[in-house]
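Colleague: Quick one: structure below, then a few questions.
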Amino acid sequence: MKTILCIEDEREVLDNNRAALMWAGYAVLAAENLAQARKQLLHRSPDAIVLDIMLPDGNGLDFLRELRAAGNRIPVLMLTARGESASVAKGLRAGANDYLGKPFDYEVLLARVEALFRNVEQVPEALERGPLKLDIAAGRAFLNGVDMLLTQKEFSLLLLFVQDEGHVMSAEYLYKKSWGQPIGDDHRTLKKHMSNLRRKLEEGNSGYKITAARGEGYCFEKI
Ligand code: CA
């Protein structure tokens with residue numbers, strides 16, 4: 001049975017969503033604010049999140065960015081209220097898999113949740129490049145079967161590289177994707193993570209290297 005975490009502060013919407021999802025055979029966890037949602041995620045691993053945006057203790061999109069920055073790829077359906085159309089683009093960019101405008105029909109909610117799982121099931125659980133294997137769900141990378149012991153950020157960077165081998169990616173892009181926010185003047189942090197990742201790739205004889213193209217960015221390629 002799949003479990004869905006509903007983060008929603010409007011009691012009536014929450015109760016209706018819960019009833020509809022349970023009727024469709026899902027187990028439902030509920031959180032009425034972000035603090036409760038964070039607590040739920042410490043102890044449980046739901047299969048998807050239905051996320052409201054305006055919450056009493058913060059913005060659902062910031063919460064979503066936090067999740068993605070930490071490498072959490074759980075599918076997220078965001079719910080947007082009337083007049084929040086600007087949030088749709090922001091939400092999709094922040095890593096939401098889909099959205100639904102309130103008020104909605106429960107049939108549509110259920111169909112979107114099903115679609116969420118269909119789309120997610122097509123995402124590979126692991127990626128392999130030669131001796132490198134990335135376990136995406138676990139956020140761990142192995143080199144010749146040995147855990148590279150990457151930090152979350154290093155893993156996120158390596159995943160971006162492996163998915164886009166041979167292409168130069170800008171420091172801004174890599175940072176935005178891995179930290180979930182613009183790089184600003186934090187180039188040092190990225191450089192530090194990049195040099196650690198390079199060292200781990202070298203020490204493990206991965207057969208790959210990360211080259212820096214001055215002013216352009218970084219490229220992951222075969223040696
Ligand atoms: Ca709300």
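Colleague: Full-extension gain between Glu107 and Val146, please, as 0.36 nm times their residue separation minus the C-alpha to C-alpha distance.
Modeller: Residue separation times 0.36 nm, minus the Cα-Cα distance, leaves 9.4 nm.
Colleague: Next question. Given the convex hull of the Cα atoms of the range 3-122, what is a quarter of its surface area in nm²?
Modeller: 6.7 nm²
Colleague: For a Förster distance of 25 Å, can you work out the FRET efficiency between the beta-carbons of Arg38 and Asp15, rounded to the nearest 0.05?
Modeller: Computed FRET efficiency for Arg38 and Asp15: 0.70.
Colleague: Mean residue ellipticity at 222 nm from the helices of the chain, using -39,500 (n - 2.57) per DSSP H segment of n ≥ 4 over the full residue count, to the nearest 500 deg cm²/dmol?
Modeller: -13500 deg cm²/dmol
Colleague: Here's a follow-up. Taking 0.36 nm per residue of sequence separation and subtracting the Cα-Cα distance, how much length would be gained by fully extending the chain between Phe117 and Asp57, in nm to one decimal?
Modeller: Contour length minus the Cα-Cα distance gives 18.7 nm.
Colleague: Based on the Cβ-Cβ distance from Glu172 to Glu202, what FRET efficiency comes out when R0 is 22 Å, to the nearest 0.05? Before the final figure, lay out the partial values.
Modeller: Working: r = 25 Å, r/R0 = 1.15.
The value I calculate is 0.30.
Colleague: Okay, next question. Name the residue farthest towards the positive end of the dipole of the chain from the options Val113, Ala35, Gln181, assuming +1 on Cβ of Lys and Arg, -1 on Cβ of Asp and Glu, about the Cα centre.
Modeller: Comparing the listed Cα positions along the dipole, Gln181 ranks first.
Colleague: Same structure again: Using the structure shown, select from Lys153/Lys176; Lys102/Lys176; Lys133/Lys200; Lys2/Lys176; Lys2/Lys39 the pairs with a Cα to Cα distance greater than 21 angstrom.
Modeller: Lys102/Lys176; Lys2/Lys176
Colleague: Carbon-plus-sulfur fraction of the accessible area of the chain, 1.4 Å probe, in percent?
Modeller: Within the chain, the accessible surface is 49 percent carbon and sulfur.
Colleague: Sticking with this structure for a sec: So what's the net charge close to Gly204: Lys and Arg +1, Asp and Glu -1, counting the other residues with Cβ under 14 Å from its Cβ?
Modeller: +3
Colleague: What size of dipole, in debye to the nearest 20, comes out for the range 78-196 about its Cα centre when the only charges are +1 on Lys and Arg C-beta atoms and -1 on Asp and Glu C-beta atoms?
Modeller: Computed about the Cα centre, the dipole is about 400 debye.
Colleague: Something else: Take every Cα-Cα distance within the chain, group them into 5 Å bins from 0 onward, and report for each bin the whole-number percent of pairs it holds.
Modeller: Spelled out bin by bin, the chain gives 1, 6, 14, 17, 16, 14, 11, 9, 7, 4, 1, 0 percent.
The values are calculated or read from the model by the stated rules, or taken from the named source; none is laboratory data. Here the structure is a predicted model, which is why all the values come from computation and not from measurement. A quick note on method: Cβ atoms are made from the backbone with ideal geometry, for glycine too, and the neighbour counts reach across all protein chains shown. Each accessible area value is taken on the protein alone, full model and side chains, heavy atoms only, with ligands, DNA and RNA left out. Shrake-Rupley method; radii C 1.70, N 1.55, O 1.52, S 1.80 Å.
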